[in-house]
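A quick write-up on the structure given underneath.
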Amino acid sequence: SKRDDHYKDMVQEHEKLKLETVQLSEEIRTLKKESKDTQSRNELLETKVETLRTKNSKLMEDISAADGQIKKERTKSQQVEKECTELRSSFDKKSKEHIDLQYSMALEKNKVEKL
């Protein structure tokens, strides 16, 4: 009868809803686990990022220190080059004076020998 059909429909609907509830509960468990896994991965990645930031900061300090050292060495090198140029100039001047003196001495010796 109609009532029996209606009752069967309701039982079928109830069974269908029970099955959907079980499936949804399973999906919820799966999603919760995935969420936990994702959260764990995120925490791990955040730790890695923080470690990299720290390393990067240290590298920036090292680079800055090395840059300062390079500038000092460059200044020192320029000073040494300047001193070398001055010494070379002084040497050239003394060398010319020495040659001129030897030439004058040779001329004097020649004059003396002619006398």
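The values are calculated or read from the model by the stated rules, or taken from the named source; none is laboratory data. Model, not experiment: these values are computed from the prediction. Ligands, DNA and RNA are stripped out before the accessible areas are found, and what is left, the full protein with its side chains, is counted by its heavy atoms. Shrake-Rupley method; radii C 1.70, N 1.55, O 1.52, S 1.80 Å.
Just one of (1) open to solvent by 80 Å² or more (accessible area, probe 1.4 Å); (2) under 15 Å from the mean Cα position of the chain (by Cα) trips up Lys76, so point out which.
(2)
Find the residue count for the range 79-115, including only residues that are hydroxyl-bearing (Ser, Thr, Tyr) and open to solvent by 100 Å² or more (accessible area, probe 1.4 Å).
Residues meeting the conditions: 1.
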